1. Please state, as a whole number in µm²/s, the translational diffusion coefficient that the Stokes-Einstein equation yields for segment 85-226 at 20 °C and 1.002 mPa s, with Rh defined as the Kirkwood radius across alpha carbon pairs.
2. Show me the ranking of peptides 321-327, 123-129 by mean Cβ neighbours inside 10 Å, starting with the highest.
3. Specify the angular offset, from 0 to 90 degrees and rounded to the nearest 10, of the alpha carbon long axis of helix 318-332 from the longest principal axis of the alpha carbons in the chain.
4. What distance in nm lies between label points placed 7 Å from Cα along the C-beta direction at Thr211 and Asp381?
5. Could you give the Stokes-Einstein D for segment 262-350 in µm² per second, using the C-alpha Kirkwood radius, 10 °C, 1.306 mPa s?
6. Evaluate segment 237-311: find the radius of gyration of its Cα atoms, find its Kirkwood radius, and give the ratio Rg to Rh.
7. Between Val257 and Ala44, how high is the FRET efficiency from 1/(1 + (r/R0)^6) when r is the Cβ-Cβ distance and R₀ = 25 Å? Nearest 0.05.
8. What list of ³J(HN,Hα) couplings, whole Hz, do you get for segment 37-45 from phi and the Karplus terms 6.51, -1.76, 1.60, once you set θ to phi - 60° and write x for glycine and proline?
Amino acid sequence: MKEKILVVGAGFSGAVIARTLAEAGLAVDVIESRAHVAGNCHSARDGETGVMVHIYGPHIFHTDDAEVWALMQRFGEWMPYTNRVKSTVDGRVYSLPVNLHTINQFFDKAMRPDEARAFIAAQADNSITEPQNFEEQALKFVGRALYEAFFKGYTQKQWGCEPRELPASILKRLPVRFNYNDNYFFHQFQGMPKEGYTPIVAAMLDHPAITLRLNTRFNRADSAAYAHTFYTGPLDGYFDYQLGRLGYRTLDFERFVADGDYQGTAVMNYGNADVPYTRITEHKHFAPWETHDKTVCYREYSRACGEDDLPYYPIRLTAEQQMLVDYVRAAQALDGVTFIGRLATYRYLDMDVTIREALDAARGYLAARESGAQVPVFYCDI
Ligand code: FAD
Ligand code: UDP
């Protein structure tokens, strides 16, 4: 049996798999098409301001998974960080996710929690029992006024379609709170790597049994030299897009530098459809333990992903669903390869879920290798 394992992609998925297999005594080659590790979580210091920037958009680590959190602590120093997001709508600034402050500000009231709950219940569309799409989900839970202010325009810009064409699950990610808790996430653990995400991933890959090659694109023929391939690139890309291209949104970032503090917070969303960008990220606020005279910000624009663009958000509308089924079927006919991570499984995955799935896949592989069982092509439902 050939002993070496090939891991395609050096994002969190690839790094966790490589590390887990290396610690179990296997030799692992990791190839990465970009010039850096950490995939879309890559961070680097801005040359002009010295601020640590999340190059592919703002990333906040949050999880309830104690093992994943402990694994992250092993590979670098983490600082406490709580994500608090604001939204500018019609020239006024509100608190997100929708909470008691947002509701009182927006309706110019001073309601207590029970009053606000009753007030919003009266605004909500109670004729909707089982929300079928994003718009229905919003109308049912926050009512038309808040939906139109905070969600409709933003979502049109982010996804390039009407919210009623999108699944309700996208909005289910965001809570509505009848207290003043403005923590964007519910999770027990939340933090920011002190020196950015890239050194964390680099430390994971720093193991004598791991060989990393950057600037190296995968060819299917490469797998012949290995006992197994873990592929974290795009699912359609593996098949040279033979069945067509799965739809993604890509992002354009417009950088600008200012003196001091530009917006007073890390992430400012823009709810109005006539503001062309979705949000502005001011990265120095992700590292409040650092001081910098200047500040660097990025306006974020979302658009359809072309052939030469980086795929960011999988769209998963009806057209993609059929193509996805066909690609999954083609993948399931293969042997000796596992598709894992956000691109290879065409799902929106937070970092902690990515890491959990990668851990489980690597352990699953080791168990199958022991028992002689078939290694699954997918470790998740798609
Ligand atoms: P990736 O990071 O995409 O890594 C895949 C790697 O494979 C890439 O480095 C790529 O270059 C390489 N590759 C692809 N094809 C090939 C090939 N053919 N040959 C060689 N190499 C190849 N998650 C959170 O938990 N919190 C957040 O706040 C958060 N914010 C986000 C904001 C944005 C704008 C986006 C888009 C995502 C965000 N995420 C966030 C999700 C997070 O980015 C993903 O969970 C994570 O990047 C997934 O890791 P991965 O290794 O599966 O994929
Ligand atoms: N959303 C919105 N208004 C906002 C923030 C989010 O309408 O101010 C919607 C939007 O459709 C987005 C979804 O809620 O895609 C999920 O938001 P989240 O902040 O989780 O987005 P992500 O982390 O994907 O950028």
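The values are calculated or read from the model by the stated rules, or taken from the named source; none is laboratory data. Predicted, not measured: the structure shown is a model, and the values here were computed from it. Please note: Cβ atoms are built from the backbone with ideal geometry, for glycine as well, and neighbour counts cover all protein chains shown. Side chains included, ligands, DNA and RNA excluded: accessible areas come from the protein's heavy atoms. Shrake-Rupley method; radii C 1.70, N 1.55, O 1.52, S 1.80 Å.
1. Translational D for this selection: 115 µm²/s.
2. Order by mean packing, descending: 321-327, 123-129.
3. Around 20 degrees separate the two axes.
4. Inter-label distance under the simple model: 4.1 nm.
5. Taking Rh from Cα pairs, D becomes 95 µm²/s.
6. Answer for segment 237-311: 1.14.
7. Values: r = 15 Å, r/R0 = 0.62.
Using R0 = 25 Å, I get an efficiency of 0.95.
8. Running phi through 6.51 cos²θ - 1.76 cosθ + 1.60 with θ = phi - 60° gives 8, 5, x, 6, 8, 4, 10, 7, 6 Hz.
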